[in-house]
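**Student:** Before I ask anything, here is the structure I am working with.
The values are calculated or read from the model by the stated rules, or taken from the named source; none is laboratory data. What you see is a predicted model, and the numbers here were worked out from it, not measured in a lab. So basically every Cβ, Gly included, is an ideal-geometry build from the backbone, and we count neighbours across all protein chains shown.
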């Protein structure tokens with residue numbers, strides 16, 4: 001049995017406005033109905049795989065459990081990093097965690113924001129790598145390049161992998177940093193170079209041995225963070241104290257570039273890290289070079305991506321060439337396709353001026369569900385609130401606002417001071433300023449409620465929490 | 001005294017998505033705080049001008065009166081065309097209407113969707129034209145061209161107008177249809193050609209004489225439409241029966257191209273008909289060729305227009321050249337700047353597939369104020385409703401929905417069946433399915449109300465009207 005270890009801590013901003021710090025790209029359905037994270041979990045299901053171990057950040061834990069549930073996936077556990085520390089500490093924490101139950105367990109480490117359309121072919125490649133990993137090798141998967149890409153690192157082999165044959169492990173000669181265009185073209189022509197996708201197969205004991213040999217300083221603090229971990233609502237929350245002492249470093253720098261027992265297994269199917277909108281265009285364009293998603297209309301466009309995300313906005317392109325345009329309810333990006341790497345800089349500029357669109361969405365995900373502001377006036381605000389079956393908001397009160405709640409779907413159990421009552425579709429409740437109140441969804445279906453706030457101050461921070469099942473302040 | 005006659009019937013779609021059939025561009029604040037219509041009215045205020053006569057369509061009458069009121073303009077009257085019939089019948093109706101009180105009245109006919117930034121210079125030009133108009137000439141204003149434009153018709157003079165001198169009327173040699181690029185360049189070089197802006201100054205008696213001479217068939221049905229006109233809530237509504245028999249034709253074709261008493265007064269200030277987004281770009285671009293409006297961010301853009309309209313969406317452009325992008329809450333246009341004439345075709349395509357964005361806005365203007373849908377769910381809808389002071393919605397009922405009303409600003413007088421009560425900020429009312437109800441704003445300030453509808457069918461056509469002060473069905 002192989003345990004997939006899904007690295008799910010990224011906060012990629014190069015796919016802004018769809019990907020934001022508060023809800024990064026792995027959780028978005030960029031291609032198809034599943035999110036990239038869900039697709040990454042589903043890709044590694046089968047008789048040869050155990051339930052995945054997910055490593056993610058504090059702020060994403062409820063999104064992870066919600067998306068795994070929606071995809072019908074179990075997880076063996078969800079490790080929460082108090083802070084992102086790059087890939088080496090995350091992989092080490094996963095290895096030490098697995099070692100506690102089975103030191104000889106087999107781990108497949110994979111990012112959760114890549115696209116690999118042919119899951120069966122990928123699983124077959126993993127199977128082909130298994131003997132080498134069982135023999136103690138650290139196996140890395142190399143993607144056969146189909147273009148002279150300058151945005152990836154490369155893996156150099158001794159010889160060109162034999163075409164057509166079943167993929168078999170070959171020794172790695174060297175890691176190659178991101179090349180310039182000429183070097184990339186030369187490597188593509190030579191055929192001995194594969195893209196470094198950051199996907200690995202090894203035994204727990206093999207990778208721990210490599211850490212002991214090449215990055216021994218990481219082991220004590222990571223082990224301490226695991227030893228001090230708390231179980232919390234189904235998550236394993238690493239101890240923030242020792243974790244803060246862990247040096248951030250990538251697995252390539254910490255271990256792989258120093259180890260002498262690496263093998264490379266080539267993968268020749270399609271793969272993309274969807275690292276920018278140009279990659280998304282590449283993966284989704286039709287024969288005429290046009291990639292459309294959502295309600296769009298392209299008139300006489302070439303080499304162009306038009307996406308309308310989540311807002312139902314109609315996006316119309318006329319006479320465009322080499323343009324990407326992505327529309328969301330609160331932000332629209334239009335960029336020349338050769339400049340999509342600069343989206344990161346645009347997000348930094350927005351952040352510097354305090355624009356909320358830089359990092360957050362109008363739709364705010366919480367452990368109990370989500371809410372979004374529908375309209376904000378001078379002394380009023382209207383929100384749509386969706387509560388998961390069985391979930392509950394905290395018992396709370398506000399100093400500066402009253403609230404009207406109208407249930408428009410499902411049934412709510414509402415507490416207002418001493419009174420508790422069921423409120424169902426087309427019924428309303430009034431929460432006076434200062435009243436202690438709570439809403440819960442006791443039903444089996446999502447409950448949707450429209451909240452109309454009135455008052456002199458309507459900020460999210462006007463909240464006094466008395467009880468909270470999710471242990472927030 | 002000169003009576004401005006403002007033609008306000010257009011339904012330009014070339015500035016979609018900002019301009020739509022339900023709310024065309026003259027009513028939008030495309031440049032500055034006033035709408036183009038408001039600016040057109042304000043431009044012709046002063047001791048030499050009477051209050052304007054406005055000619056508009058049935059569906060725009062309340063927008064006209066609302067915008068005139070907001071700009072602090074009186075109108076002498078608002079003529080309502082039951083259907084658009086092009087400029088000649090509209091101008092004839094205005095002339096006959098004015099003739100009833102003063103056959104020698106002086107009319108300045110102007111479209112209400114043009115931009116003329118220097119109002120004082122324009123008024124001085126009108127003053128310079130006055131003697132010729134008083135002598136019985138039909139005066140047309142010609143714009144001194146600053147580029148070889150192929151999108152306008154031209155007015156040919158006998159000689160180059162003297163530079164620097166006060167504008168003086170010159171006889172017109174000929175009308176020139178929209179030229180090709182070579183001809184436009186030649187005309188620009190020669191200097192005897194001015195753009196035909198469709199702005200005229202003449203006495204009522206002069207233009208009526210010209211109609212009698214050159215388009216006599218128009219007179220009887222237009223006079224009959226005026227004779228049968230009804231006064232309705234401060235509007236003069238032309239009689240639809242005879243108006244339907246009026247032939248649609250432009251003033252140039254019907255009269256001007258045939259008349260021999262035309263004079264041209266050159267205007268050398270800036271002028272634009274804002275006929276497409278490229279013109280809007282031209283009128284608003286800074287020194288680097290970038291035109292921004294609303295919350296935007298342009299990184300390394302040239303010759304580019306970025307506009308965020310009405311939705312607070314952040315529009316970010318990266319590395320764009322010769323692109324126009326206009327974002328609204330329900331639609332986004334991105335076009336190559338050389339292709340903005342094709343917006344019309346895009347709107348036609350959207351209309352053909354029944355997309356609401358083709359012709360209407362989420363914000364729906366009514367005689368009593370406006371409303372917009374904030375969210376539409378499967379069995380619910382949330383609206384923001386704004387009611388003008390003193391205004392009232394019709395007394396109505398619905399077969400398929402109940403409504404919750406929460407007043408968030410001002411005070412409403414609410415009727416529910418036999419009960420009438422005042423509802424003020426932070427109070428709510430429930431309207432059961434089938435109940436006869438009405439809301440009014442008895443106050444002095446706008447009243448804002450959040451309406452939450454629930455039911456099996458939520459279309460606007462589920463309405464039974466019992467009484468309506470605006471005479472709708």
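**Student:** Suppose we filter region A:437-473 for residues that are on the phi < 0 side of the Ramachandran plot and assigned to a loop (DSSP other than H, G, I, E, B); how many remain?
**Tutor:** Count: 19.
**Student:** Just a yes or no: is a residue in region A:327-334 touching a residue at least 12 places away in the same chain (Cβ under 8 Å), on the phi > 0 side of the Ramachandran plot and surrounded by 17 or more Cβ atoms within 10 Å (Cβ to Cβ)?
**Tutor:** no
**Student:** What are the residues in region A:171-191 that are farther than 11 Å from residue A:149 by Cα and either surrounded by 16 or more Cβ atoms within 10 Å (Cβ to Cβ) or outside the structural domain of residue A:50 (by TED's automatic domain parsing) (or both), if any?
**Tutor:** A:172, A:175, A:176
**Student:** Suppose we keep only residues that are within 8 Å of chain A (Cβ to nearest Cβ) and surrounded by fewer than 23 Cβ atoms within 10 Å (Cβ to Cβ) within region B:296-307. Which one would you say is nearest to residue A:18 (Cα to Cα)?
**Tutor:** Filtering region B:296-307 for residues that are within 8 Å of chain A (Cβ to nearest Cβ) and surrounded by fewer than 23 Cβ atoms within 10 Å (Cβ to Cβ), the one nearest to residue A:18 (Cα to Cα) comes out as B:297.
**Student:** Give B:431, B:385 a once-over and let me know the one that is crowded, with 18+ Cβ neighbours inside 10 Å, closer than 26 Å to residue B:27 by Cβ and within 14 Å of chain A (Cβ to nearest Cβ).
**Tutor:** One residue alone meets the criteria, B:385.
**Student:** Hey, any hits in region B:314-322 for a residue that's at the interface with chain A (Cβ under 9 Å from one of its Cβ atoms), more than 17 Å from residue A:339 (Cα to Cα) and buried (at least 21 other Cβ atoms within 10 Å of the Cβ)?
**Tutor:** Checked region B:314-322: at least one residue is at the interface with chain A (Cβ under 9 Å from one of its Cβ atoms), more than 17 Å from residue A:339 (Cα to Cα) and buried (at least 21 other Cβ atoms within 10 Å of the Cβ).
Condition check ((1) over 22 Å from residue B:453 (Cβ atoms); (2) free of Cβ contacts under 8 Å to residues at least 12 places away in the same chain; (3) under 34 Å from the mean Cα position of the chain (by Cα)) across all residues:
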{"position": "A:365", "(1), (2), (3)": "yes, no, yes"}
{"position": "A:422", "(1), (2), (3)": "no, no, no"}
{"position": "A:447", "(1), (2), (3)": "no, no, yes"}
{"position": "A:453", "(1), (2), (3)": "no, no, yes"}
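**Student:** Taking residue B:311 and the conditions (1) farther than 18 Å from residue B:32 by Cβ; (2) more than 14 Å from chain A (Cβ to nearest Cβ), which numbered condition does it fall short on, given that it satisfies the others?
**Tutor:** (2)
**Student:** Here's another thing I want to ask about it. From the list A:39, A:29, which residue is closer than 26 Å to residue A:286 by Cβ, part of a loop (DSSP other than H, G, I, E, B) and within 12 Å of the chain's Cα centre (by Cα)?
**Tutor:** Residue meeting the stated conditions: A:29.
**Student:** Moving on to the next point. Just for strands (runs of 3 or more DSSP E) wholly inside region A:325-377: which have at least 2 residues that are in contact with a helix residue (DSSP H, G or I) (Cβ under 7 Å, 6 or more places away or on another chain), over 30 Å from residue A:401 (Cα atoms) and within 7 Å of chain B (Cβ to nearest Cβ)?
**Tutor:** A:331-336
**Student:** Between B:166, B:128, which is surrounded by 15 or more Cβ atoms within 10 Å (Cβ to Cβ) and more than 22 Å from the chain's Cα centre (by Cα)?
**Tutor:** After applying the criteria, what remains is B:128.
**Student:** Are any residues in region B:169-208 within 28 Å of residue B:41 (Cα to Cα) and over 29 Å from the mean Cα position of the chain (by Cα), and if so, which ones?
**Tutor:** The answer is B:169, B:170, B:172.
**Student:** Considering only residues of region A:406-428 that are under 18 Å from residue A:368 (Cβ atoms) and facing chain B (nearest Cβ under 10 Å), which is surrounded by the most Cβ atoms within 10 Å (Cβ to Cβ)?
**Tutor:** A:407
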